[in-house]
Every structure is written in C-alpha cells, then in structure tokens.
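Okay, so here's the structure we're looking at.
The values are calculated or read from the model by the stated rules, or taken from the named source; none is laboratory data. Predicted, not measured: the structure shown is a model, and the values here were computed from it. No Cβ is skipped: glycine too gets one built from the backbone with ideal geometry, and neighbour counts run over all protein chains shown.
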C-alpha cells in the first residue's frame, strides 16, 4: 500500500503530552528523532527554511552510511540547537504533517528535545537567562 503525499486538509496540531513519562525519556525521544529525521532526509523540501535542516542533511550525507543510521544520536542535539521554533516547516512546507499518517511535527519534536535538555540541566547559563522572560523584564525596567 502506498501512502499519498500531503492533502488538502489544514494541518492538525496535537497538544504536547507533557505528562506522559515517555515525553522526557531519552531513548523514546531519540527513536522519534530518528524516525522524523529519516522522513525529512527523504523529502528535503525544507532545506531553505532554517539552519536545522542543512545541519541535519549534512550530518546524514557525511555519515558512514548516508542514511540516518549512520548519524550518532549524540549529534541529534546539533539539529535541535539550530531550530528556533518558527513553525514554517510545519505550516508551509511539510507534506507529512497530521492528518497524514506519518504525523510529522518537527517543531513540537524540537520543543520536546529542548525541554529534556532544560530538565537535565545541560543548557548554558546564557540560554537559561534568555528564556527567563519574567526575570529579564524586571531587570529591564
């Protein structure tokens, strides 16, 4: 059975499941990152949107196999760091967003990976400060 690309329906965004234990699970997250990255690698329509996609495609192309299995999971963070959550890939380019059965939501996956980094405490002080908008607002007034 072949799966059709895209549809005439508007993208359907599902809410993030913050309460699910798998949300912050590193193994489950890396499995989902690999699945989505493999789909993106096969399509490449999003290459011009932000730095995340050229970074992803370079990692794959320069990997041992030329496929996602040739990229070390520790390098997935390089892609996550390049995404600034603009949503252009989701809203304008990707033919595999829900309601498509492949259910690709690249920005939500990047947000999930960034949330795990913050929870683990592996972010720089600069990033913690810049994301603390309440604190920055008090300093600026």
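Each row is one residue, and each column tells you yes or no for (1) in contact with a strand residue (DSSP E or B) (Cβ under 7 Å, 6 or more places away or on another chain); (2) assigned to a loop (DSSP other than H, G, I, E, B); (3) within 18 Å of residue 24 (Cβ to Cβ).
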residue	(1), (2), (3)
78	no, no, no
95	no, yes, no
98	no, yes, no
108	no, no, yes
111	no, no, yes
119	no, no, yes
137	no, no, no
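Quick check, is residue 17 touching a helix residue (DSSP H, G or I) at 6+ places or on another chain (Cβ under 9 Å), more than 14 Å from residue 113 (Cβ to Cβ) and at pLDDT 95 or above? Criteria not met by residue 17. If you go through the stretch 122-135 and keep only what is more than 15 Å from residue 81 (Cα to Cα) and part of a loop (DSSP other than H, G, I, E, B), you end up with just 132. Scanning the stretch 50-76 for residues that are outside any helix (DSSP H, G or I) and within 13 Å of the chain's Cα centre (by Cα) yields 50, 51.
Screening residue 91 with (1) loosely packed, with under 15 Cβ neighbours inside 10 Å; (2) touching a residue at least 40 places away in the same chain (Cβ under 8 Å); (3) farther than 13 Å from residue 13 by Cα gives one miss only, at (3). Figure legend. Inter-residue proximity from the stretch 25-36: first residues on the phi < 0 side of the Ramachandran plot and modelled with pLDDT of 95 or more, second residues assigned to a helix (DSSP H, G or I) and surrounded by 13 or more Cβ atoms within 10 Å (Cβ to Cβ), beta-carbon distance below 6 Å, spacing 6+ or different chains. Indicated pairs: 30/73; 33/76; 34/68; 36/109.
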